[in-house]
Amino acid sequence: MVHAGLIALLADASNAAPHELAGLIDACAISLGATGAVAYLADLQQHVLIPFTSSGDNGGSLNVDATLAGRAFQTFELQTQEADDGPRIWLPLVLGTDRIGVLSVSTK
């Protein structure tokens, strides 16, 4: 059975403006029991993962070659890490067979 939060995200995303999608991702994660989520999208050269946020703040960009997020991006494999605010899961984001970024999900 599909979780109601995921169904709501898909319904809302189909009608959302691009600047609203980052907030929808975070809201869906929270409705699924996480403390938050952020999508990081790869730059054209696939060297940097840039956070997709509603504020447009790119200060938290991550290097693909030197981070756990980058490892998830490069290997198509889920990665986990301990963070100050609780465990974080890095999930690769793909579109068909193309890597587009990673999803960071914070849990407690």
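Every number here is computed from the coordinates shown, using simple stated rules; none is lab data. This one's a predicted model, so the numbers in the text were calculated from it and none came from an experiment. Note: ideal-geometry Cβ built from the backbone for every residue, glycine included; neighbour counts use all protein chains shown.
Observations on the model:
- In this structure, the amide hydrogen of V48, modeled 1.01 Å from its nitrogen in the peptide plane, lies closer than 5 angstrom to those of D43, V64, counting only residues at least 5 positions away or on a different chain.
- The chain - mean residue ellipticity at 222 nm from DSSP helices (-39,500 (n - 2.57) per run, n ≥ 4, rounded to 500): -8500 deg cm²/dmol
- The packing ranking, built from the mean of other Cβ atoms within 10 Å per residue, places the peptides 91-99, 62-70 in the order 62-70, 91-99, highest first.
- Packing-based order for 20-30, 76-86, using average beta carbon neighbours within 10 Å, highest first: 20-30, 76-86
- Table column - 3J(HN,Hα) (Hz), region 69-75, Karplus curve with 6.51, -1.76, 1.60, x for Gly and Pro: 4, x, 5, 4, 5, 6, 9
- Per residue, the convex hull spanned by the alpha carbons of the chain comes to 119 Å³.
- Counted by Cβ distance under 15 Å from T35, the other residues give a net charge of -2, where Lys and Arg count +1 and Asp and Glu count -1.
- Subtracting the Cα-Cα distance of H47 and H19 from 0.36 nm times their residue separation leaves 7.7 nm of extension gain.
- Sequence-distant contacts, meaning Cα pairs under 8 Å at least 6 residues apart, place the relative contact order of the chain at 22 percent.
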